[in-house]
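Chemist: The structure's right below; bear with me while I get my questions together.
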Amino acid sequence: MAKPLVVVIPHQLGRAEARRRLENGIGQAKEMLHKAGLSMADATWTGDRLSFLVAAMNQRVDGDIDVEDDAVRVEVRMPLLLSLFAHKIQQIVSQNGTKLLTKQ
């Protein structure tokens, strides 16, 4: 297993509003992943943490999204083979996470 990929997305929304926006955007995220040939299963909230599992081509990627007062921390654990694409995945998570948080 490769080192986890961590992306921190700062915000000024407060914890409750950031979580609300993420909850509202989870359907959009699933749709985006589906278009890319990926499927998201097991997206569950425990407190202010969303745990998820994404699968494609017999590969599984799991992770957590922690909502904090001034940032959202995304940690993705992926197989070593997929970690070769970590930089690209980091860019996508950062860009799309920022978009989700800035939408009303």
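Chemist: Out of the residues in region 54-72 that are assigned to a strand (DSSP E or B) and not hydrophobic (A, V, I, L, M, F, W, C), state the one that is modelled with the highest pLDDT.
Modeler: Going through the qualifying residues, I end up with 66.
Chemist: Looking at (1) surrounded by 15 or more Cβ atoms within 10 Å (Cβ to Cβ); (2) touching a helix residue (DSSP H, G or I) at 6+ places or on another chain (Cβ under 9 Å); (3) under 15 Å from residue 26 (Cα atoms), which one does residue 64 not meet, given that it meets all the others?
Modeler: (2) is the only condition that residue 64 fails.
Chemist: Over 13 Å from residue 6 (Cα atoms), open to solvent by 30 Å² or more (accessible area, probe 1.4 Å) and in contact with a helix residue (DSSP H, G or I) (Cβ under 8 Å, 6 or more places away or on another chain): which single residue out of 43, 55 fits that description?
Modeler: Values: 55 fails: in contact with a helix residue (DSSP H, G or I) (Cβ under 8 Å, 6 or more places away or on another chain).
Being over 13 Å from residue 6 (Cα atoms), open to solvent by 30 Å² or more (accessible area, probe 1.4 Å) and in contact with a helix residue (DSSP H, G or I) (Cβ under 8 Å, 6 or more places away or on another chain) holds for just one of 43, 55, which is 43.
Chemist: Please give the number of the condition residue 34 fails out of (1) assigned to a helix (DSSP H, G or I); (2) without any contact (Cβ under 8 Å) to a residue 40 or more places away in the chain; (3) within 21 Å of residue 102 (Cα to Cα); (4) not β-branched (Val, Ile, Thr).
Modeler: Unmet for residue 34, out of (1) assigned to a helix (DSSP H, G or I); (2) without any contact (Cβ under 8 Å) to a residue 40 or more places away in the chain; (3) within 21 Å of residue 102 (Cα to Cα); (4) not β-branched (Val, Ile, Thr): (3).
Chemist: Could you please tell me which pairs satisfy a Cβ distance under 8 Å, a separation of 6+ or placement on different chains, a first residue in region 7-24 that is farther than 11 Å from residue 100 by Cβ and touching a residue at least 24 places away in the same chain (Cβ under 8 Å), and a second residue that is open to solvent by 80 Å² or more (accessible area, probe 1.4 Å) and not hydrophobic (A, V, I, L, M, F, W, C)?
Modeler: That search, which allows pairs on different chains as well, returns 10/70; 12/70; 14/69; 15/69.
Chemist: Test of understanding: among 100, 50, which residue is part of a strand (DSSP E or B) and open to solvent by less than 90 Å² (accessible area, probe 1.4 Å)?
Modeler: 50
Chemist: Out of 29, 43, I need the residue that is modelled with pLDDT of 85 or more and more than 22 Å from residue 81 (Cβ to Cβ). Which one?
Modeler: Within the list 29, 43, the selection yields 43.
Chemist: Please indicate, with yes or no, whether at least one residue in region 73-85 is modelled with pLDDT under 80, at positive phi and surrounded by fewer than 13 Cβ atoms within 10 Å (Cβ to Cβ).
Modeler: No: region 73-85 contains no residue that is modelled with pLDDT under 80, at positive phi and surrounded by fewer than 13 Cβ atoms within 10 Å (Cβ to Cβ).
The values are calculated or read from the model by the stated rules, or taken from the named source; none is laboratory data. This one's a predicted model, so the numbers in the text were calculated from it and none came from an experiment. Note that each Cβ is placed from the backbone with ideal geometry, even for glycine, and that neighbours are counted across all protein chains shown. Only protein heavy atoms, including side chains, enter the accessible area calculation; ligands, DNA and RNA are left aside. Shrake-Rupley method; radii C 1.70, N 1.55, O 1.52, S 1.80 Å.
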